[in-house]
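Shown next, in structure tokens, is the structure this report addresses.
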Amino acid sequence: MSSMVSRSRSELEQAEDRHKKHLETAEKTGRKEDMAEAYGNLGTIYLALGHLENAEAMFKKSLEIEETLADKTGMASDYGYLGTISQMRGNLDQAETMYKKSLKINQDLNREEGMAIVYGKLGEVFYTRRDLDEAKEMFEKSLEMEKKFDNKQAMAKAYGYLGDIYRIRMDLEQAEAMYKKGLALFEATGSKQMIEIMRTMLINLHKRKKQS
């Protein structure tokens, strides 16, 4: 499971046509590896287009083939994407189940990059439930690993969530520290929307500190 590159709808539709043709060829030749790859690529396209039913169907087909091939890396990716679809639908229990399956495989393979992504996604699930202890643990684990890869966007996101957790717990000093770290990283990556959000959170935090 990886971050999807933002592409225009027309580009995605063109890519859909290419991967459908790739799938047809793979089915004719019986190449299961190519079939799984095509299904997975179609899944990411449908997910980017917001076609969740189609995306889910593609990832399940990809997963079914990869299980027969014992392609652990592919399975971890598909479980991760299925977790994302469940999370988008608000089915947090199913999302947690899928993410944990992805995490287990990534751990078995010692794939830290995959583990870092899934820790972050589990953090989001627990945060949405307001299971703050679990969320904090997941974001801290994700952050620790993302630092190794210098993944500034993921690090900034984790700091933002950690800031929210400390704010909810009324630990305003720690919340401020987390937000400032997140803001610095979002500024480094040029994420204008997130820069504004972090600045707004810091302004509101300063107001609360003055009132307390």
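A few notes on this one:
- When 169, 129 are checked against the criterion of being exposed (fewer than 14 other Cβ atoms within 10 Å of the Cβ), within 19 Å of residue 95 (Cβ to Cβ) and not small (Gly, Ala, Ser), a single residue qualifies: 129.
- Residue, nearest to residue 89 (Cα to Cα), within segment 16-59, restricted to residues that are surrounded by fewer than 15 Cβ atoms within 10 Å (Cβ to Cβ) and among the acidic types (Asp, Glu): 53
- In this structure, residue 161 does satisfy being aromatic (Phe, Trp, Tyr) and either touching a Ser or Thr at 6+ places or on another chain (Cβ under 7 Å) or closer than 21 Å to residue 118 by Cβ (or both).
- In segment 60-87, the qualifying residues are those that are among the small types (Gly, Ala, Ser) and surrounded by fewer than 22 Cβ atoms within 10 Å (Cβ to Cβ), and the one that is nearest to residue 103 (Cα to Cα) is 74.
- Helices (runs of 4 or more DSSP H) wholly inside segment 1-119 that include at least 1 residues being within 21 Å of the chain's Cα centre (by Cα), closer than 21 Å to residue 146 by Cα and of a type in the set (A, V, I, L, M): 72-88, 92-108
- Long-range neighbours under 8 Å by Cβ, at least six apart or interchain, first residue closer than 14 Å to residue 16 by Cβ within segment 46-58, second part of a helix (DSSP H, G or I) and among the hydroxyl-bearing types (Ser, Thr, Tyr): 47/81; 47/84; 54/46; 55/44; 55/46; 55/81; 58/39; 58/46
- Of all residues in segment 64-77, those that are basic (Lys, Arg) have Cβ atoms under 9 Å from Cβ atoms of residues that are part of a helix (DSSP H, G or I), 6 or more apart or on another chain, in 72/66; 72/105; 72/106; 72/108.
- The criterion of being assigned by TED's automatic domain parsing to the domain that holds residue 76 and of a type outside the set (Asp, Glu) holds for residue 130.
- Which numbered condition residue 148 fails, given (1) surrounded by fewer than 15 Cβ atoms within 10 Å (Cβ to Cβ); (2) in contact with a helix residue (DSSP H, G or I) (Cβ under 6 Å, 6 or more places away or on another chain): (2)
Here's the yes/no breakdown for (1) more than 30 Å from residue 177 (Cα to Cα); (2) charged (D, E, K, R):
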| position | (1), (2) |
| --- | --- |
| 82 | yes, no |
| 87 | no, no |
| 146 | no, yes |
| 152 | no, yes |
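- Which numbered condition residue 170 fails, given (1) assigned by TED's automatic domain parsing to the domain that holds residue 201; (2) touching a Ser or Thr at 6+ places or on another chain (Cβ under 9 Å); (3) part of a helix (DSSP H, G or I): (3)
The values are calculated or read from the model by the stated rules, or taken from the named source; none is laboratory data. The model shown is predicted, which means the values in this text are computed figures rather than measured ones. Glycine gets a Cβ as well: all are built from the backbone with ideal geometry, and neighbour counts include every protein chain shown.
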